[in-house]
Each structure stands twice: as C-alpha cells, then as structure tokens.
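See structure below.
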Amino acid sequence: MPASNTAVEHATIRQYCKALRAPTIASQFATLAEQATREKQRYTRYLEALLAMEVEERERHTITLRLQEAHLPRMKTIDDFDFSQSPVAATRIRELADGGYIQRAEPVVLIGECGTGKTHLATALCVAACQQKKRVRFTTAAGLVNELVEAKHQNQLRRSLARWSRYGLIAVDEVGYVPLADIGAELLFQVISDRAERATIIMTTNLPFSEWTQVFNNVRLCKALLDRVTDRAHILETATESYRFRCTLEKRQSPKTDARTDKNVATSGSS
C-alpha cells in the first residue's frame, strides 16, 4: 500500500480514536500492527492487545485521579508501616485493605496516642481504596468542621453535605485534638449520621470513647455519635506510647553513645 494511503488511514483512525476518547489506541495501534504483522498474529489477537492497553491506561489514569481527589496528607502505604513496633496486626490491616469493609459500610476507628501510626494506617487504607478506584476523601476533623460551618454561613450547607456524601470512603483524622463548638459538633454528627450503614468512614482519635465528651460537649449528641461510629466498627488500638517520639530519642542518643565509645577506645589505646 502506498505511503500516502497509509498516512490517510492512520489519520482517519486517530480521528475515530479522538471521537471515542481512546488516546492509548491512537498512540499505539500502528506500533502494535507492525508487531502483529511480523509475528503473524490473528486480527483478534491484535485487537485484544490494543483494547487491553487502552483499558490498563484508563485504570491507571482513574487511580491517579482518585489519589489526587483524596487530598492525602502524604503518600503512605501498608508496606511502609512498621508493624513490629505496633500492637496492630498486619493481617487485620491487609484484610481491611481488600475493601470488604467499604462494601459493607463498616466504620474503622483507630485509637492511640500521637505518633503511634493512626494517620499512617488511615492513609494507607485510603490509598488501597483509591487503587480499587473508590472515591475517597481524607480530612481532619477541624478541617471538615470549618468547611461545613463556612458553607452554612454562605447558605451552601446542603450542597457541601451532598458533595461529601458522594465519597465511598471518608477518613476523618485527629478527632479529639481540638474541642468543637456546638454548631461544629452538630455538623460533624450530621455527616457521620448520613453515612451510617450506607457509606464508610475511618476516624482516628487520641481519646478513648469515655473521654469524647471533652470534644462534644452535648452529652446526648456525643452518645448518638458514638452509637453510629462504633456500630459494626473495626476498632484498632495503636498504642499509648509514641513510636515516633521514641525513634527521635534513639536517634539523638546514638551519636552520644558512639562518641563515648570512640573516646573510650582512644583512651585505652593511649594507655
């Protein structure tokens, strides 16, 4: 076939791909066609390979968008977590990462002191959900409340609540670090209540449930919120001592230890 005819065919195929929004096929069909000709592949085998490339690229693109949309504080995965320093079982986190709890709309609550890995584990579960192409959003309790209060002042609360309801998974970090005013507590309760048995929420907190009244002053509201958060929940205790703080101390102490050792070696060598 003359080169001019081939060029016209290629241009036409690319136009069809543009109309079908299939950019990977547009960029790869010619290369794969040459390979198929050399290897004498069937037409259906060539088509299968071409469509597979398009689907794989779309899935990668979707996952990238899901991760961007999640607003994660940083990229943390389960493989990055040091389970040897935590009472949380790796098998339990990996089971959650499979996503069944999202399908069943079961809450996850991570309880522990600052520096014990709550945020890391919550983020890792969010990453796993994004890789399964779920719509995810990560936020702090204070950030979520501030957004809702501002929306209420601007008469946009219904729209804001509707936007949050569209996520298959919400992770609310740092519940308990900052006491909430009554209006903020009520709005947070509304988000959680709307998701009960319908969509999943992950919460991290430094407070045992018995102390949540320090954050939610309205005792009745606090009790109702706990009822929804703990119903069918996976409750994981991450520890009472900061692993991060302990590591920092060890790093600071080790140079001094090395220096003392070097000094002793030098002294013994000169005696």
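FYI, it's all coordinate maths here, none of it is from the lab. These numbers were taken from a predicted model, which means no experiment stands behind them. Quick reminder, even Gly has a Cβ in these numbers, built from the backbone with ideal geometry, and neighbours come from all protein chains shown.
Here are a few things to note about the model shown:
- Within the listed set Gln131, Gln214, Gln15, the residue fluctuating most in the Gaussian network model of the chain (springs between alpha-carbon atoms under 10 angstrom) is Gln15.
- One chain, two ends: Asp80 and Val219. Fully extended at 0.36 nm per residue, the span grows by 46.2 nm beyond their Cα-Cα distance.
- Normalised contact order of the range 72-246, rounded percent, pairs of Cα under 8 Å and 6 or more residues apart: 36
- Folded to 0 to 90 degrees: helix 243-270 orientation relative to the chain principal axis, Cα: 80
- Between 0 and 90°, nearest 10: helix 43-70 axis offset from the chain longest Cα axis: 30
- Local charge for Gln156 was computed over the other residues whose Cβ lies under 12 Å away, with Lys and Arg +1 and Asp and Glu -1, and equals +2.
- Given 13 as the ceiling on other Cβ atoms within 10 Å, longest exposed-site-free region of the chain for GluC sites (Glu not before Pro) in DSSP loops: 40-196
- Of the trypsin sites (Lys or Arg not before Pro) found in the range 26-114, those that fall in a DSSP loop while having at most 12 other beta-carbon atoms within 10 Å are Lys40, Arg42, Arg74, Arg104.
- Counting only alpha carbon atoms, the long axis of helix 141-153 and the longest principal axis of the chain meet at about 70°.
- Percent RCO, i.e. relative contact order, over the range 16-136, from Cα pairs under 8 Å lying at least 6 residues apart: 31
- Signed unit charges on C-beta, dipole axis of the chain, positive-most listed residue Val55, Ala7, Ala142: Ala7
- Simple Cβ-charge dipole of the range 1-140, Lys/Arg +1 and Asp/Glu -1, about Cα centre, in debye nearest 20: 360
- Here the dipole of the range 72-246 is about 700 debye; that uses its Cα centre as origin and unit charges on the Cβ of Lys and Arg (positive) and Asp and Glu (negative).
- Among 21-27, 199-205, the peptide with the highest mean count of other Cβ atoms within 10 Å heads the list, and the full ranking is 199-205, 21-27.
- Alpha carbon centroid spacing (whole Å) that separates the range 92-130 from the range 162-231: 16
- Comparing Leu47, Leu67, Leu236 in a Gaussian network model of the chain, where Cα atoms under 10 Å apart are tied by springs, the biggest mean-square fluctuation is seen for Leu47.
- Helix-only [θ]222 nm of the chain, DSSP H runs n ≥ 4, -39500 (n - 2.57) each, per residue, nearest 500: -20000 deg cm²/dmol
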